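See structure below.
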Amino acid sequence: MKSGVTRKKFPASTAEWEAAIAAAPGKDRPLKPDEELAMANSVVVKSGGYAAVRSVVASQRKPGQRGPQQAPTKQLVSVRFSPEVLDYFKSTGSGWQTRMNDVLMEWVNKKSTR
């Protein structure tokens, strides 16, 4: 089976370059829809080679995907609270976990100053 690799020669002269540029899509030669999509998803890097392209692609997030935190400040843990405590904090609306953290932090600060 023949591979999909083609062996086109790189333009050597200015005339060959001009011909290649003229054959490229432009105002008079619009892109096909699948070519447009490929161009929209492409990455342009002026220098740095393969490593630069990889870093740019890695830095692009998909919609809804969180990026890495600069300095993680909180840890994920599993804690059991009484239903009354949870009901109280959840009834205060959105951000109840932050408020619960603030109350616990206030208690820790109060105990550590004694």
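Structure above, values below:
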| read-out | value |
| --- | --- |
| Residue within the stretch 32-44 that is at pLDDT 75 or above and assigned to a loop (DSSP other than H, G, I, E, B) present | no |
| Yes/no for Ala22 being at pLDDT 70 or above and surrounded by fewer than 10 Cβ atoms within 10 Å (Cβ to Cβ) | no |
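Yes or no, residue by residue, for (1) of a type in the set (A, V, I, L, M, F, W, C); (2) loosely packed, with under 10 Cβ neighbours inside 10 Å; (3) without any contact (Cβ under 8 Å) to a residue 24 or more places away in the chain:
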residue: Pro68; (1), (2), (3): no, yes, yes
residue: Thr73; (1), (2), (3): no, yes, yes
residue: Val79; (1), (2), (3): yes, yes, yes
residue: Pro83; (1), (2), (3): no, yes, yes
residue: Asp87; (1), (2), (3): no, no, yes
residue: Lys90; (1), (2), (3): no, no, yes
residue: Thr98; (1), (2), (3): no, no, yes
residue: Met105; (1), (2), (3): yes, no, yes
residue: Lys111; (1), (2), (3): no, yes, yes
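The values are calculated or read from the model by the stated rules, or taken from the named source; none is laboratory data. Keep in mind that what you see is a predicted model, and the values were worked out from it rather than measured. Heads up, the Cβs are rebuilt from the backbone with ideal geometry, glycines too, and the neighbour counts pull from every protein chain shown.
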